[in-house]
Structures are given as C-alpha cells and as structure tokens.
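I have placed the structure first, in the form of structure tokens, so that the comments after it can refer back to it.
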Amino acid sequence: MAEETEQKPAKPAPAAPAAPPAKTKEEVLADPIVAAVASAMPAAFVNAKDAIGEISLYVARESIVDVCRAFKADSFTYLVDLCGSDYSTFPGHAGERFCVNYLLYSFEKNVRIRLKVFVADDVSVPSVTSVWKTANWHERETFDMFGIRFEGHPNLERILMWEGFNGHPLRKDFPIRGIDTGARIYPEVFPPGGGPAAGSTGKSHEDVNIWKGPAVPYGRSPKGQVPETKQVEAPQGSSDEGKADA
C-alpha cells in the first residue's frame, strides 16, 4: 500500500504592509530638506505632498522665480528637467489645465525635489532663465509641445516643430495620429499655420488638420522646372581618335 502523505495546510500569505499615513502640507514643509526655504516664504506654497519619499511643492505662479532662486541658493543648483503636463483629461482634476514641473537636484544633500506650478490656458508663467540658463531650451520645448508661454524668456520660439505649425503635439486634444502638415510642404497652397481643409485631400476629416479659414485646393502649386543645360563643346585636341594607337 502506498503510504498516505499528510498534507499540511498552506500558510496564509503575509499581509501587505500598511501604507504610511499621508503627511499634511505643514509636515512636508517642515521637512529638513525644504524647511529653510519654506519657512522664509510660506505664502509662496499652495500645497505640498510627500509620496514614496519624493517631495512635491505646489508653488504660486507669481512666486516661482523667487522660489527657484531660493532653492538654488540652498544647494539645489541643478535644474534636472522642466516640462509641462496637460491635466484636461486627468480623472478627478478640477483645477487649472496645465502644470509646469521643475525637477531640482542638490549635489550637497543628494536629494531631489519637484516644484509644480498650475496654470490655466493662455496664461503665461514667469521664466526661470535668470536662475538657470539651461531653462532656456526646457521652456522652449514646453512652449512648443503644450503652448505654455513663459514671460520674460529671451527667445521664446519653437524648438522641435517649425514656426507656423498648427497645434501643440503633447496637448490631450491633439490628434494621436497627427495632422497633415500640408502648410509646411505646400506653403503656396495652404495658409500659414494650417494644413489641408477637410476633404481637400480625399481623406477622412479625422485624418487631416481641420483649418477654419479658406483653403486653396490641391493642384495650384507651380510645377517644377528643370533648368536648361547648355551643350559644352569639347576643346580641340581632346578627340579620342588616335588614342588606340598611343
């Protein structure tokens, strides 16, 4: 007879550790990493959060330059990144549509913090190029991709897309499949800033950029012309005759 094996009851899975209680705004601002700046200008901070050990400070739009300058003086000398976010489709979000994120790093403290400025559409944010020169291209890219303007920027123009491109590719309302960039390819046909009008290319209106103004149909661009080439006569004495006898 086969010996009957006694089955031991399975051990219950260990319970997941409870998440630490969320810190209040006051508790985050009292953290030694940011306390020196936060205590010097408490009115500049709208909110503060600490998630998995990462501090995010929500800064009033008009105070962002002063806050950045204060953190740079407090050893956060490296602007790691500056980028935008579009919260228009974010679940439960009821505030301003856009957010500008500033990721700062302190070599002395070996820590990172994040500054966040929420701003409504068509409202500019003060430029921090006077604090970090590297913010120049960061702000240009944020303007290019989201349409967020930075007041006081020395040369706020597109950095990836061309001037006259219709739209900002990282906005949530920008078509995922992109737009027809006929305005760039055929500038003499389509108005500046606009691609082909719906139906002018034979595509579905969902596949083309819908220009609100009048658009000239295809076929109006001038045809390419091949420049005339003159026949160059061979100089005397350069004939191939007699080469075989050489």
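So the values come out like this:
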item	result
Boolean, LYS11 is at pLDDT below 95, more than 24 Å from the chain's Cα centre (by Cα) and surrounded by 13 or more Cβ atoms within 10 Å (Cβ to Cβ)	no
Verdict on ALA51 being free of Cβ contacts under 8 Å to residues at least 12 places away in the same chain and under 25 Å from the mean Cα position of the chain (by Cα)	yes
Residues located in segment 43-96, provided they are aromatic (Phe, Trp, Tyr) and over 27 Å from ARG171 (Cα atoms)	PHE71, PHE76, TYR78
HIS153 buried (at least 18 other Cβ atoms within 10 Å of the Cβ), touching a residue at least 12 places away in the same chain (Cβ under 8 Å) and under 15 Å from the mean Cα position of the chain (by Cα)	no
Test result for ASP121, of a type outside the set (Ser, Thr, Tyr) and surrounded by 16 or more Cβ atoms within 10 Å (Cβ to Cβ)	no
Residue in segment 181-193 that is within 30 Å of LEU82 (Cα to Cα), more than 12 Å from the chain's Cα centre (by Cα), at pLDDT below 60 and in a loop (DSSP other than H, G, I, E, B) present	yes
Matching residues, segment 67-83, being surrounded by fewer than 18 Cβ atoms within 10 Å (Cβ to Cβ) and over 11 Å from LEU104 (Cα atoms)	ARG69, ALA73, CYS83
Residue ID - nearest to PHE98 (Cα to Cα), chosen from residues in segment 131-178 that are of a type in the set (Val, Ile, Thr) and out of contact with any helix residue (DSSP H, G or I) (no Cβ under 9 Å at 6 or more places or on another chain)	THR142
Top-ranked residue of segment 108-122 - restricted to ones that are under 17 Å from the mean Cα position of the chain (by Cα) and in a loop (DSSP other than H, G, I, E, B), ranked as farthest from SER85 (Cα to Cα)	ASP122
Among the residues listed as LYS11, LYS49, the single one being closer than 30 Å to SER130 by Cα and among the charged types (D, E, K, R)	LYS49
Qualifying positions in segment 54-96 - part of a loop (DSSP other than H, G, I, E, B), under 18 Å from ALA35 (Cα atoms) and out of contact with any Leu (no Cβ under 8 Å at 6 or more places or on another chain)	ALA60, ASP74, SER75, THR77
Answer residue from segment 127-171, given it is assigned to a loop (DSSP other than H, G, I, E, B) and among the hydroxyl-bearing types (Ser, Thr, Tyr) and is nearest to ALA70 (Cα to Cα) among those	SER130
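Residue-by-condition table, conditions (1) among the aromatic types (Phe, Trp, Tyr); (2) surrounded by fewer than 18 Cβ atoms within 10 Å (Cβ to Cβ); (3) in contact with a His (Cβ under 7 Å, 6 or more places away or on another chain); (4) farther than 18 Å from ALA48 by Cα:
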{"residue": "CYS99", "(1), (2), (3), (4)": "no, no, no, no"}
{"residue": "TYR105", "(1), (2), (3), (4)": "yes, yes, no, no"}
{"residue": "ILE113", "(1), (2), (3), (4)": "no, no, no, no"}
{"residue": "SER130", "(1), (2), (3), (4)": "no, yes, no, yes"}
{"residue": "THR142", "(1), (2), (3), (4)": "no, no, no, yes"}
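The values are calculated or read from the model by the stated rules, or taken from the named source; none is laboratory data. Bear in mind that the values here come from a model prediction, so they are computed numbers and not experimental data. Backbone-built Cβ (ideal geometry, glycine too); neighbour counts: all protein chains shown.
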